[in-house]
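Undergrad: Please see the structure below; I have some questions.
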Amino acid sequence: MPEKPHDTARISFADLVETLQKIFVKAGVSEANAAVLAVNCAGCERDGGLSHGVFRIPGYVASLNSGWVDGKAVPILERSGPALLRVDARNGFAQPAWAAALPHALDMARQQGAAVVAIRESHHFSALWPDLEPLAEAGFVALSMVTGLACVAPPGGRKPVFGTNPLAFATPVAGAHPMIFDFATSAMSNGDLRLAARAGHSVPPGTGIVRSGALSDDPKQILDGGALLPFGGHKGAAISLMVEILASALTGGQFSSEVDFSAHPGAETPRTGQVIIVIDPARGNNAVFSERVRNLIDSVRDAGQARLPSDRRYRTRESSEREGISLSVEQRDALVRMAAG
């Protein structure tokens, strides 16, 4: 029987990584950087983060083809103090820059009790939780923030100033997977908005505005000259402002409103900055930290919250590892064609 357009195919994580790595290399990414990007993107797909998985591959490739981003960039690490590491990504992707910085961040946090990594001139086009998971697995508490292309208007405004400006937090939990949340400070992530537009779905009221400033539940109109809005009104806007200050002003990266790739048709990746803050909770004779976190999480569950951050992600990962990662046949075939050139 011929396959239907929406039939699904299963692919192993290793095979998806291999396919994506070939795509990145064909698009002009160095082997080392392609390996990092492929694992990151495949991991998002494996864990159910579809708006940051293979959905992003055309955007990666278009940005590379436009000359907007340097896929072969080698980051420069600058130790600026006992607990501060500055990283110049040199107009490359943020994930390889963070991969280069990670061992140093772990070493600084072990020695000093905390570390701050400030990445500039970087293109972050993925979820933030993969950046933090290794830190929490190593016993550290961590925060990360990143700015992006201006597509979010402040409350009452008609002009986008902020990016979706995601914020992520990770903590170890005794006897369990780390607890990690990762969310945009906009009412909806840009990736999810684009997925809704592609599927022809409406979005919740308050998600965004059209060109005139009027509220809309039509993702296509929001994307066509409109803007997303911060979650929670002025509270979300204040958090988004904080992200701009820490991820751009502190790092030396561009603000979301300064990103301009108009001279690079097809580019999608924002060239801004990212900050990662790492804390060793065991410092100060606090060896029971992860146990206390586990007790707190148990209390939250007992109070009735059915799902906490990371729960669905780890369940999806277990399913994907057992049964393979689910892609539509169209997605699989498109990836195979891209990898083959």
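The values are calculated or read from the model by the stated rules, or taken from the named source; none is laboratory data. Worth saying up front: this structure is predicted, and the values here are computed from it rather than measured. Cβ: placed from backbone, ideal geometry, glycine included. Neighbour counts: every protein chain shown.
Undergrad: Could you identify the single residue in PRO154, PRO96, PRO178 that is of a type outside the set (A, V, I, L, M, F, W, C), crowded, with 24+ Cβ neighbours inside 10 Å and more than 22 Å from PRO309 (Cβ to Cβ)?
TA: From the options PRO154, PRO96, PRO178, the qualifying one is PRO96.
Undergrad: Just to be sure before I move on: is ALA114 farther than 23 Å from THR164 by Cβ, touching a Leu at 6+ places or on another chain (Cβ under 6 Å), surrounded by fewer than 22 Cβ atoms within 10 Å (Cβ to Cβ) and in contact (Cβ under 8 Å) with a residue 40 or more places away in the chain in the structure I sent?
TA: No.
Undergrad: Under 6 Å between Cβ atoms, which residue pairs at least 6 apart in sequence (or on different chains) link something in region 234-262 that is in the same structural domain as ARG120 (by TED's automatic domain parsing) with a partner that is aromatic (Phe, Trp, Tyr)?
TA: Sorted first by the residue in region 234-262, then by its partner, the pairs are SER240/PHE162; GLU244/PHE255; SER248/PHE255; SER256/PHE162; PHE261/TRP68.
Undergrad: Those residues that are in a strand (DSSP E or B) and touching a Phe, Trp or Tyr at 6+ places or on another chain (Cβ under 8 Å), I need them from region 157-182; list them, please.
TA: Hits for region 157-182 are LEU167, ALA168, PHE169, ALA170, PRO172, HIS177, ILE180, PHE181, ASP182.
Undergrad: Going by what's in this entry, would THR251 be described as in a loop (DSSP other than H, G, I, E, B), of a type outside the set (A, V, I, L, M) and touching a Gly at 6+ places or on another chain (Cβ under 9 Å)?
TA: yes
Undergrad: Counting only residues that are part of a loop (DSSP other than H, G, I, E, B) and in contact with a Ser or Thr (Cβ under 9 Å, 6 or more places away or on another chain), which one in region 264-281 is farthest from CYS151 (Cα to Cα)?
TA: Within region 264-281, the match that is farthest from CYS151 (Cα to Cα) is PRO281.
Undergrad: Among ARG271, ARG292, which is of a type outside the set (Phe, Trp, Tyr) and more than 19 Å from the chain's Cα centre (by Cα)?
TA: ARG292
Undergrad: Here are some conditions: (1) buried (at least 20 other Cβ atoms within 10 Å of the Cβ); (2) touching an Asp or Glu at 6+ places or on another chain (Cβ under 6 Å); (3) among the aliphatic types (A, V, I, L, M); (4) over 30 Å from ARG283 (Cα atoms). ALA168 meets all but one. Which one does it not meet?
TA: (4)
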